[in-house]
Amino acid sequence: MGWKILKGSVACGLMLAGVTAQAQSPSGFLPGEELLVQSACISCHEVSPALQQRLQPATAPDLAKVGARLSPSWMEKFLDDPRRLRPHGNMPNMLEVLPPEERSQARLELASFLSSLGGPFPQESHGTSFGVIESGRQLFHSVGCVACHRPFEDFSDLELSLEDAEAARAADPEENREVEDPLALAGLLAGTLAPRNLALPEFAPMTSVAPLADFLLDPHAVRPSGLMPNMGLSRSDAEDIAVYLLRGQLDQAPVSAPGLASHSFKGSFMNTQDLSELRGGTKGVASHVTVGELTGGDNFGLRLTGSIAIPTAGEWTLHLRSDDGSLLRIDGREVIRSWGVHGPISKKESLELSQGKHLIEVHFFEMSGGEMLKLEWEGPGVSRAEVPPSAFSHQGFGLRPPTAQAPDPELVVRGSERFARLGCAACHTTGTVLDEMPPSGQGVGPPMANLAGSAVAGCLSGDGERNPRWSFDADQNDALQEFLDGFGSLQAELDSAQRLARSMTRLGCVHCHRRSERGGVHPWDRDYFQAREGADLGDEGRLPPQLDGVGGKLQLDALHGVLTRGERVRPYMTTRMPQYGEQNVGWMAEAFAALDPDLPTSQESFEDHLALGVQLLGTEEGLGCIQCHDFGGTPSLGIRAVDLATIGDRLKPGWFEALLRDPGQVNMNTRMAELFVDGKSLAPNVLGGDPMAQIRAVWQALSLGNAMPPPPGLITPDSAFELRPLDRIVTCGVFMRDMSPRTLVVGFPEMVHYAFDMQNSRLGRIWQGRFFNARGTWEGRAGSLEMPPGSRVIDMPPGMVLARLDSPGDSWPTAVGAEAGFHVLGRQQVLGEAPVFRYGMEGVTVEETLTPVLRKGRRGLSRHWTVVAENAAAAKNLVLRPIGGAQMSALAQGLWRVTLGGHELDLSFGEGFGRPPVSSVSGELRWPIVMRPLPEDPERFGATLSLELVW
Amino acid sequence: MICFLAAMAFVGDLAVVPAVIPKVQEPWLLETLPMPEGEVLEISALEIWHGDRVLVATRRGEVWVVEGVFDGDPLNCSWRKVMEGLQEPLGFLVQEDDSVLVIQRGELSRLVDQDQDGAFDSVETVCDEWRVGGNYHEYNFGPVRDKAGDLWLTTNRAFGGQPFGAPKWRGFALRIDGNGKMHPECSGLRSPAGVGAAPWGDLFYTDNQGEWVGASKLSQLIPGAFYGHPFGVASCEDPLWPYPHPGETPNRVLMPEAAKLLPHFQMPAVWFPYDEMGRSPAGFVFDGTGGRFGPYEGQMFVVDQFSAEVMRVSLEQVGGHWQGACYPFRKGLSCGAIRVCWGPDGSMLIGETDRGWASRGSERFGLERLSWTGAVPFEMHTVSARPNGFHVRFTQALDPKTAADPKLWSVASYTYMLHSDYGSSEVDQAKCEVLAVTIDPDNMGIQLEIKGLRSGYVHELRPKGLRSQVGEALVDPRAYYTLIQIPVQPQVR
């Protein structure tokens, strides 16, 4: 069921009618209003400021650098009859107002003027190859261009080479094909629109590769109103598409060029099968099979394609030698595979080859260290030797832009004057003084409010002597007239729903997304929406999501992300969410949020089941979410559904809850598994199998985002090194960044953790969520400077907690550890239990331990100190400072709050903090330690202190 | 020559060697001990605890106890984790009170099992007076106790970034006194992966070939001595260094020249020729098994991290300098070995890991045991220096007809460069002429009279075609004697 080319041209006619046929239903706008906005009428017919927002048209293209983009000859032709060259453009024929005999001169002058803007039009040929055209052809038909533009080819033809497809079409003329009405399709979902099918102009006489690629990369620079969106292309992708669109500029028969076409790519390809799927990359030509100029680099891939000329038929042995991996294909068949990370190794294979050219492909990747790539052959009459450059060739040719000459300066001046006289500046900016002139000129008409009933006289009259020619048909004329007749009673303000409906129609959103029973991909276009290979997600993996209730589904920032920051969470879709620009669609996020209600969350009291939530995500006694969902960039075990680490930041909790309770209820088409069939969980042994408790636990885990511990069962290069304090405390000695090379990290099953600087006897860091991955300390020579992978990481302020001060308000020593007079005594540590750190200063011994606490849904650590002094003198003037250098504010009796590293840390003081604190000069709070004689030994003195840190 | 006589005492136990056993029996049986599934036990320290428990530390900072290794079938041994969170625990020393000293990156610690439940419950800091720069290669080895009861460590030089600064005392031997005070004693070490005490009390260490270490070596640790690597020498300006500064290290000189140029330069006891005798010598033990491990009582066994083998060393003191020969012993361990200790039954336990430095062998880590079966292979037992040659004792009686021919003996000598390059080739090579061969009266040894002995040179002895009385060939006809001192008087046996 492919889209038929000829149908396109028929549907193209339907599209013009589409304005009248379809625009009314969604937003309640009269079709005439749509047409008036589309035609930018208010640029020449003044309206009240109040109505401007409602009737604001798309901004006309900025012509400031048009001379570098468009060929002068094309511009002349275009001015002659804009609708002929660009049927979907909104440009009227401005020359109609001139006497016929003057028009030809006017075109020349205007084109000369426009050519001077940013010109000259470049004349260099662009060297390219069939591979590039093919890449552009596939990109054009897969990234989403065809959602708005008429596809050039049937989807099924894309499997053939361009040449073969064209030959097949020539043999099967379009006339023979049946023409159908896209809206009369049997079973069409109500509200589906006909394919948009905006016809593209013929580009070959119009522009050249570089400016067209520039335009594709940043269309808003020329067309700020965003009607042509940014498709998030790389420069290489944009060039490929431009070359495809401009292939008519092929200035000679394809030539066989020496060497092989080369595409190089950055990245790690150790785990890929080959490089076939990679698009773009850096293109070049390699004289033979070699690493060439990439020698010395790391982490790259190289794909060489072309032909190898076999001098004599017979059995040939090919030796492929590489460091690291490589593979060889001859005539599309894999002959040698030497993929993997290794030193220079050779592999060989023998095969029968006929005399003449055979297609050859060599894929190669390098991870690190040395690299080499070499292909040798031996066969009839040829002893083993490297295949010489003379054996290789590839298809290459040039694209020649349309010829242009520098404009005559006198014509430029006259063109500028004419541009002003005609009123072109009412719509177009030029980057010249013309931009500052008020709308005026021959094209500029009376105020809009005066146009009611005046059709016979103006633009709608078809009287070219006085007005720009719009080529409206009779229906359109009537529609406009109807709208103008009721203009006086037009309401100025649009509500959010109306604005959304209008913009979604105008920008084409409805050709991909369905909302309020309107829109969605038309069946004729569906084939062009493909999932990447292996993404077995059905339609959900290839079609853009429906948008009903999206404001209640996505968090506001996530809506902004997808609308204006190009954030993509569906890597399995080949189609990309187009970017229309913050100024054009940024407001939509708030509009969706305002229109769509949040789904309710269950109101039960908070219970902390973060660790169980992580377990539920995994495959060991869990719900197995990682079977289908990626996790923090690690591929899922099966199909590649949305990354779990992104969900907590994207979804609203109510929607998530509804999705898990009954996936079909919130999204009819999802392939999301039903996890709780008849109220029974797939993980019956966690939280008693209670669905709601499990959903809340999973949400708690997902809320950690990238700080989530990897769920059990997930396989990553790191997973063998993941430390999981599941049922006991886990410790590990590490080098800790910005802290100490003698750091003990301690992880609790309660998902709150700390790092203790054992060299200086001080708590250095605290965090929550994921505990620690020891790969950097345990793999190979290791020695990495570690950082906690969790969330809410807080660096404790520098300095010791304890000091001996003459007066408790004195300046606190900045030194730590031995330099501050402390010595390390060691630690008590029973495997699986909380360590007790022992350290001392003169005459004093301290034991410090930390244990986890949970307080009203927040996590924290309880710190506990036992201080013993050998005698009365050593017991004097000991002061404890819980948080150095920070201002604490009192929340309640014994409860203080401090902000550290952007996190609110609440301190709740227990034993030993009974007396009021002393404030230092800088405002720090300190507690003099009250030392009492020990009952068992009155010569010695002691104190115990404890406080809680909750964050 | 009292010392020499003492050394001879180790050779003298040949009488206990059983009669020749049919050759079919392997002299030493290698057993690979099972490990708990899923655990990564890269063994970095190994000792016997409470008489028959094997105490193991791993590079991941864990301590395990293995029970049941010596009672019956070691395949039934059981593992129990008893501590974690240590940083690179690379050596144990079990104390009389069953507490265990363990060296970490940043401290020498004492593991204590206060409640006697068989697992440790505290880590007491014995000494942490050195600092760590945060470089992976800042390993420490030891501890080992000297005659006075003090503890010695060796510290590895750093390689590359030290994000916490470049601390002093890298590439040193450090002595920790009874009060936990640190005293630097030797400088110029590189990768001193093994350190141990001889039965007679002297301390030795092994060092790995690399820059400033032309060939891997075994050296005696002598207070104030310099071992050739200038990396840490700047620390010798610290007042804590009580000895004369070792001076500026000369680059590109022959080792014997270096010994003349540098008054404190310590020549090795044994050089291990690269690839011939491993690449990365690590832990070692002296055979005090009373013959239960075979005929080499009193000799030393050194494990090699790269070549997954055990090498053998005999030592003698000549002119006040301990020196001797190294011999191949047993190749084919499952993985590179860095630790070795004796079991209570006289079997040898070997702790293995290839982590960070790829090794021979099929495994990434392991614990293996070598036990003597009672068979005696035909091998060179001991090579000793003589003023005019060498005396070679064998494990079995010789075939006097073949043994007496001087042409059977190929003796070459060479030395190494002291230089900043990575390793040294064997330089200044020369062939030695064997002038005469005299067979010992008991047929178990020969005197080689050699022309051209050179002090400061390895002398490589390769008898070809030599047969035992029963017609066996040598298992491996190689011995490498590091001749630093040439005896000045004829020795009377």
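Nothing in this text is a laboratory measurement; each read-out follows from the coordinates by a stated rule. None of the values given here were measured: they were computed from a predicted structure. Backbone-built Cβ (ideal geometry, glycine too); neighbour counts: all protein chains shown.
Go through the range B:25-61 and name the GluC sites (Glu not before Pro) that are in a DSSP coil and have 11 or fewer other Cβ atoms within 10 Å of their Cβ.
Values: sites: B:Glu31, B:Glu37, B:Glu39, B:Glu42, B:Glu47; in loops: B:Glu37, B:Glu39, B:Glu42.
Of the GluC sites (Glu not before Pro), the ones in loops of the range B:25-61 whose Cβ has at most 11 other Cβ atoms within 10 Å are B:Glu37.
If you take the Cα centroid of the range A:355-412 and the Cα centroid of the range A:857-897, the two points sit 72 Å apart. Between the listed residues A:Leu30, A:Val66, A:Leu687, the Cα displaced farthest toward the positive end of the dipole of chain A, a dipole computed from Cβ unit charges relative to the Cα centre, is found at A:Leu687. For the range B:235-242, 3J(HN,Hα) computed residue by residue from phi via the Karplus equation (6.51, -1.76, 1.60; θ = phi - 60°) reads 4, 5, 7, 6, x, 5, 7, x Hz, glycine and proline entered as x. Residues of the range B:360-387 with an amide N closer than 18 Å to a point placed 7 Å from the Cα of B:Thr438 along the Cα-to-Cβ direction: B:383-387. The range A:530-588 and the range A:51-77 have Cα centres separated by 29 Å. Here the ratio of the Cα radius of gyration of the range B:276-330 to 2.2 N^0.38 Å is 1.16.
Model label sites at A:Glu159 and A:Ala385, defined 7 Å from Cα along the beta-carbon direction, differ in position by 4.3 nm.
Compare the Cα positions of A:Pro741, A:Phe392, A:Tyr244 along the charge dipole of the protein assembly as shown (+1 at Cβ of Lys, Arg; -1 at Cβ of Asp, Glu; about the Cα centre) and return the one farthest towards the positive end. Working it through, the farthest residue towards the positive pole turns out to be A:Pro741. Take the Cα of B:Gln489, step 7 Å toward its Cβ, do the same at B:Asn179, and the gap between the two points is 4.4 nm. Put simply, when A:711-722, B:319-330 are sorted by average Cβ atoms within 10 angstrom per residue, most first, you get B:319-330, A:711-722.
Counting only helical runs of four or more DSSP H residues, what would the 222 nm mean residue ellipticity of chain A come to if each run contributes -39,500 (n - 2.57) and the total is spread over all its residues?
Numbers: 24 runs with 220 residues, N = 951.
That comes out to -6500 deg cm²/dmol.
The residues packed around A:Thr634, meaning those with a beta-carbon under 13 Å from its beta-carbon, carry a net charge of -3 if Lys and Arg are +1 and Asp and Glu are -1.
3J(HN,Hα) along the range B:103-115, derived from phi through the Karplus expression 6.51 cos²θ - 1.76 cosθ + 1.60 where θ = phi - 60°, amounts to 8, 10, 4, x, 7, 8, 10, 10, 8, 10, 10, 5, 8 Hz, with x in place of Gly and Pro.
Counted over the range A:266-325 with a bin width of 10 Å, the fraction of Cα pairs per bin, in whole percents, is 15, 48, 28, 9. From largest to smallest, the equivalent ellipsoid semi-axes obtained for the range A:533-715 from the alpha-carbon gyration tensor read 27, 19, 15 Å. Using R₀ = 25 Å, calculate the FRET efficiency as 1/(1 + (r/R₀)^6) where r is the Cβ-Cβ separation of A:Thr403 and A:Ala170; round to 0.05. After rounding, the FRET efficiency stands at 0.30. Spatially, the range A:469-528 and the range B:326-359 are offset by 81 Å when compared through their Cα centroids. An ellipsoid equivalent to the protein assembly as shown, defined through the eigenvalues of its Cα gyration tensor, has semi-axes of 78, 45, 29 Å when rounded to whole angstrom and sorted largest first. Placing +1 on the Cβ of every Lys and Arg and -1 on the Cβ of every Asp and Glu, with no other charges, gives the range A:255-395 a dipole of roughly 220 debye about its Cα centre. Pull out a ≥ b ≥ c, the square roots of the eigenvalues of the alpha-carbon gyration tensor of the range A:255-395, then state rounded if a/c is under 1.5, prolate if not and a/b is larger than b/c, and oblate in the remaining case. Because a/c hits 1.5 or more and a/b exceeds b/c, the range A:255-395 counts as prolate.
Distances between every pair of Cα atoms in the range A:782-908, grouped in 5 Å steps from 0 to the bin holding the largest one, split as 2, 8, 14, 19, 21, 18, 12, 5, 1, 0 percent. Around the Cα centre of the protein assembly as shown, unit charges on the Cβ atoms of Lys, Arg, Asp and Glu (plus for the first two, minus for the last two) sum to a dipole of about 1760 debye.
Rounded to the nearest 5, what % of the DSSP beta bridges within chain A are antiparallel ones? The partial results should precede the final answer.
Numbers: 148 of 152 bridges.
So the antiparallel bridges in chain A amount to around 95 percent.
Helix A:691-702 axis versus longest C-alpha principal axis of chain A: approximately 80°, rounded to the nearest ten.
Applying the Karplus relation 6.51 cos²θ - 1.76 cosθ + 1.60 with θ = phi - 60° to the range A:116-132 yields 3J(HN,Hα) values of 6, 7, x, x, x, 6, x, 10, 6, 6, 10, x, 7, 8, 4, x, 5 Hz, where x marks Gly and Pro. Taking label positions 7 Å along the Cα-Cβ direction at both A:Ser48 and A:Asn871, the computed distance is 9.6 nm, reported to one decimal. Evaluated with a Cβ-only charge set (Lys, Arg +1; Asp, Glu -1), the range A:533-715 carries a dipole of roughly 420 debye about its Cα centre, given to the nearest 20.
Under 16 Å from a label point set 7 Å out along the Cα-to-Cβ vector of B:Asn251, the amide N atoms of the range B:406-431 belong to B:417-424.
For A:Gly119, the residues whose modelled amide H falls within less than 5 Å of its own, excluding neighbours fewer than 5 places apart on the same chain, are A:Gly67, A:Ala68. Rounded to 0.05, the FRET efficiency of the A:Arg728 and B:Thr373 pair, given R0 = 60 Å and the Cβ-Cβ distance, is 0.85. Backbone amide hydrogens, once placed in the peptide plane, bring B:Ile484 within less than 5 Å of B:Gly456, excluding anything fewer than 5 places away on its chain.
For an R0 of 45 angstrom, estimate the FRET efficiency from the Cβ-Cβ distance between A:Thr317 and A:Glu202 and round to the nearest 0.05. Provide the component values of the computation, followed by the final result.
Working: r = 50 Å, r/R0 = 1.11.
After rounding, the FRET efficiency stands at 0.35.
Find, among the trypsin sites (Lys or Arg not before Pro) in the range A:873-951, those assigned to loop by DSSP (not H, G, I, E, B) with at most 15 other beta-carbon atoms within 10 angstrom. Walk me through the numbers on the way to the answer.
Values: sites: A:Lys876, A:Arg897, A:Arg926, A:Arg940; in loops: A:Lys876.
Within the range A:873-951, the qualifying trypsin sites (Lys or Arg not before Pro) (loop, at most 15 other Cβ atoms within 10 Å) are A:Lys876.
List the trypsin sites (Lys or Arg not before Pro) within the range A:144-253 that fall in a DSSP loop (any state other than H, G, I, E or B) and whose Cβ has at most 13 other Cβ atoms within 10 Å. Each step should come with its number before you reach the end.
On the way: sites: A:Arg169, A:Arg177, A:Arg196, A:Arg235, A:Arg247; in loops: A:Arg177, A:Arg196.
Sites meeting the loop and neighbour criteria: A:Arg177.
Quick check: residue separation of A:Ser516 and A:Ala474 times 0.36 nm, minus the Cα distance between them. What number comes out in nm? Mind showing how you got there, number by number?
Values: separation 42, 0.36 × 42 = 15.12 nm, distance 3.15 nm.
The A:Ser516-A:Ala474 span can extend by a further 12.0 nm.
Is it possible to state the helix-based mean residue ellipticity at 222 nm for chain B, with each DSSP H run of 4+ residues giving -39500 (n - 2.57), the sum divided by total residues, to the nearest 500 deg cm²/dmol? What is it?
One gets -1000 deg cm²/dmol as the mean residue ellipticity at 222 nm.
Projected onto its three principal axes, the C-alpha set of the range B:411-493 covers 49, 32, 19 Å, listed from the longest axis down.
Each distinct pair of alpha carbons in chain B adds a 1/r term; the inverse of their mean, the Kirkwood radius, is 23.1 Å.
Counting 0.36 nm for each residue step from B:Ala412 to B:Asp150 and taking away their Cα separation leaves a gain of 90.2 nm.
Just check the range A:719-836 against the gyration tensor rule for me: Cα atoms, a ≥ b ≥ c as the square roots of the eigenvalues, rounded for a/c under 1.5, and otherwise prolate or oblate depending on whether a/b exceeds b/c.
Details: a/c = 2.01, a/b = 1.84, b/c = 1.09.
Judged from the Cα gyration tensor, the range A:719-836 comes out prolate (a/c at least 1.5, a/b above b/c).
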